[in-house]
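I have placed the structure first, in the form of structure tokens, so that the comments after it can refer back to it.
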Amino acid sequence: MRRIRAAAVGAVTLSLVLTAAACGGGSSGSEGSNEQPKTLTYWASNQGANLEFDKKVLQPELDKFEKETGIKVKLEVVPWSDLLNRILTATTSGQGPDVLNIGNTWSASLQATGALLPWDAEKLKTIGGRDRFVESALGSTGVQGQDPAAVPLYSMAYALYYNKKLFAEAGIAEPPATWDELAAAGKKLTAKGHNGLGAEGSNLSNNIHQVFVLGKQHGADFFTPDGKPDFTSDGAVAAVKQYVDLMAEQKIVAPGNAEYAQNQSLSDFAKDKTGMVLWQTASATFKAQGMNDDEWGVAPAPVQSGEPGPGKATNSMVAGINMAVFKNTKNIDGAKKFVNFMTSEEEQVILNKAYGSIPPVKAAQEDPAFNTPALAVLRETLASSATALPQVPEESQFETVVGTAVKELFAEAAAGRPVTTESVRAKLEKAQQQMPKN
């Protein structure tokens, strides 16, 4: 997801809505109808520095769509802290939009509700076909073997961003490529009075993304091949402990980061307080924080040893935003036209350039705007060393319970209490017990 903020999954859980019928908003017109839809409602996710930024980016494009088609799009930009619960409520209340953005990690969970329009081969033809999209982005659009529940809109990947000024002061010549090198660089930074690495310990989704990647590096998947939770394997425990130990043992993450959940680590980075952050597609955020492009560098996120690649050298989850349509919208024809417009090559260049993300549409990636050194690292990561989070119906509960376990472990570390293999396993066992019973 874009610039992972705390996704407040909260009290409304997907297990309560798996059998619910989804309803959409909008006005007249339906699939197969000769009547032209006149209005669509659109929930956009907050991709920019603030909601107003998104409105300034999106409204001219929506006006362009209306001029071309006669269909007016009513825009609401929804903060990440509210988005998932808003979507879940819409599936049961019938008071939802026609078209919406979803974090790609939620695709399978929302697919299981039956709320979203499946994009079968025939519908994909209406937007140019499956082959227009990067395969890794399509891998996070729903359960493998089923028709996609959404269409890729923005693609991102994690990377290691480093503050050039602080690296020079600490005598660090090259960005670290392995976790041991990262720990060594972090200690050089802390010796100079800076934070070595920034983290967002109270951000549940970010916690999941980091420990999922470390889990892959330790040979763990967090779910069995048949989709059952597997949070207490040796690899999963080792992954969570390694991440929390960046604060507890290595002491390169400041204790105050245990409470961070809203991009505070990026603010510290931009203010020369922190030397490194592991983040997804952060360039637009740094610019919004007043940081010039030549003040920071980017490198592939660390692996245990050797070079990034598939399997145990995975160094990012496949991050991104998908665009979905509520199945019961009265404006299916108009909604498909809108998705086609937003995923057109021209719009993909405009939107992804504004947000500093990467187009999941292959042809749009050829635009020079996406060939910068910073984006080249992200494109290579998506192409060769990123793995999609488990596309299982319980993914959102996984983010909640395991993300919370990591948050609680960071709180223990910040308080100076020991974080042991046993205490990590106990937290993950408790998290697994909270998952729905199949």
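The values are calculated or read from the model by the stated rules, or taken from the named source; none is laboratory data. No experiment lies behind these values; they were computed from the predicted model shown. Here the Cβ positions follow ideal geometry from the backbone for every residue, glycine too, while neighbour counts run over all protein chains shown.
Looking at this structure, is A364 over 21 Å from Y260 (Cα atoms), free of Cβ contacts under 8 Å to residues at least 12 places away in the same chain and either surrounded by fewer than 22 Cβ atoms within 10 Å (Cβ to Cβ) or out of contact with any Leu (no Cβ under 6 Å at 6 or more places or on another chain) (or both)?
Criteria not met by A364.
On the basis of being more than 23 Å from the chain's Cα centre (by Cα) and modelled with pLDDT under 90, does N438 make the cut?
yes
Looking only at residues in segment 324-341 that are surrounded by 23 or more Cβ atoms within 10 Å (Cβ to Cβ) and either aliphatic (A, V, I, L, M) or farther than 11 Å from D98 by Cα (or both), which one is modelled with the lowest pLDDT?
The qualifying residue modelled with the lowest pLDDT is I332.
Just one of L100, L84, L160, L153 is over 27 Å from Q365 (Cα atoms) and either crowded, with 21+ Cβ neighbours inside 10 Å or acidic (D, E) (or both); which is it?
L84
Can you find, within segment 28-77, the residue that is nearest to L117 (Cα to Cα) among those that are at pLDDT below 85 and of a type in the set (S, T, N, Q)?
In this case the residue turns out to be S30.
Mind checking which pairs have a first residue in segment 53-69 that is in contact (Cβ under 8 Å) with a residue 12 or more places away in the chain and a second that is assigned to a helix (DSSP H, G or I), Cβ under 6 Å, 6 or more apart or different chains?
V57/A354; F65/F341; T69/K337
Using the structure shown, decide if T372 is surrounded by fewer than 23 Cβ atoms within 10 Å (Cβ to Cβ) and assigned by TED's automatic domain parsing to the domain that holds N292.
no
Any residue in segment 390-407 that is within 16 Å of the chain's Cα centre (by Cα), basic (K, R) and outside any loop (DSSP other than H, G, I, E, B)?
Within segment 390-407, none of the residues are within 16 Å of the chain's Cα centre (by Cα), basic (K, R) and outside any loop (DSSP other than H, G, I, E, B).
Specify the residue that is surrounded by the most Cβ atoms within 10 Å (Cβ to Cβ); the eligible residues are those in segment 375-409 that are closer than 15 Å to V213 by Cβ and small (G, A, S).
Across segment 375-409, the extreme among qualifying residues is A386.
Considering only segment 332-365, how many residues are of a type in the set (V, I, T) and closer than 16 Å to L138 by Cβ?
Qualifying residue count for the region: 4.
Residue under question is F231, and the condition is that it be touching a helix residue (DSSP H, G or I) at 6+ places or on another chain (Cβ under 7 Å) and among the aromatic types (F, W, Y); does it hold?
So F231 passes the test.
Select, from A248, A270, A258, the only residue that is without any contact (Cβ under 8 Å) to a residue 24 or more places away in the chain and among the hydrophobic types (A, V, I, L, M, F, W, C).
Step by step, each of A248, A270, A258 is checked, and only A270 is without any contact (Cβ under 8 Å) to a residue 24 or more places away in the chain and among the hydrophobic types (A, V, I, L, M, F, W, C).
Could we say that E200 is charged (D, E, K, R) and surrounded by fewer than 20 Cβ atoms within 10 Å (Cβ to Cβ) here?
Considered against the rule, which asks whether it is charged (D, E, K, R) and surrounded by fewer than 20 Cβ atoms within 10 Å (Cβ to Cβ), E200 comes out as no.
Name the helices (runs of 4 or more DSSP H) wholly inside segment 235-345 in which the number of residues that are outside the structural domain of T92 (by TED's automatic domain parsing) is 2 or more.
264-270, 283-288
Give segment 204-241 a look and list any residue that's surrounded by fewer than 24 Cβ atoms within 10 Å (Cβ to Cβ), among the β-branched types (V, I, T) and in contact with a Leu (Cβ under 9 Å, 6 or more places away or on another chain), or say none.
T232, V237
Would you tally the residues in segment 41-85 being small (G, A, S) and farther than 16 Å from Y355 by Cβ?
2
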